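Reading through the structure tokens given below for one structure.
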């Protein structure tokens, strides 16, 4: 496979993000004012990059986050493999001591290697990684696309970075993130390397 550079960002802030409520694959929310500001700051910082292609999830918050690049004429494609992990019955629900406890238990399961654990009607990390593998295969099958912009979701981003760096999913917490933070990953023909880790410089007001 040929060399490629992936610019991977999480979508901008939504009202549910702001309120600390989990969204997941089943919540198709819009960016809020802060999210639109973040999108604008990211565009102004990276509009000089000659992106050949954009890949986004099927959820509109990813497209809204990089719409200015699309408006500039860069072709884009939606891949369901880039969708957020489904949190099932907990999506969009208010945070309570009970739900916090349920999330804490699930995270402990995952970091202990129980990667098939999931909430009712939700997805496990192993299930998400299977669809991410299909998405990555599509992205990497196009050698003419040298610089690629990918916009996805927080938990899915952690799993995707494990996939790229060949780490077990138990290490997903090694990849911190916030809204519209950047991970730049280079591919030299044989392996992926993180060239820019959790970069938020573009979000600082100068």
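Give the residues of the range 103-130 that are part of a loop (DSSP other than H, G, I, E, B), over 18 Å from the mean Cα position of the chain (by Cα) and at negative phi, sorted by residue number.
Correct list: 112, 114, 115, 116, 117, 118, 119, 120.
Going by the conditions given, is residue 38 more than 24 Å from residue 197 (Cβ to Cβ) and in contact (Cβ under 8 Å) with a residue 12 or more places away in the chain?
no
Go over the candidates 108, 131, 142, 114 one by one and state the one that is over 18 Å from residue 164 (Cβ atoms) and surrounded by 12 or more Cβ atoms within 10 Å (Cβ to Cβ).
After ruling out the rest, the residue left standing is 114.
Quickly run through the range 1-11 and pick out the residues that are over 16 Å from residue 70 (Cα atoms) and either modelled with pLDDT of 95 or more or assigned to a helix (DSSP H, G or I) (or both).
4, 5, 6, 10
The values are calculated or read from the model by the stated rules, or taken from the named source; none is laboratory data. Nothing here was measured: the structure is a model prediction, and the numbers come from that model. Don't worry about glycine lacking a Cβ; one is built from the backbone with ideal geometry, like all the others, and counts go over all protein chains shown.
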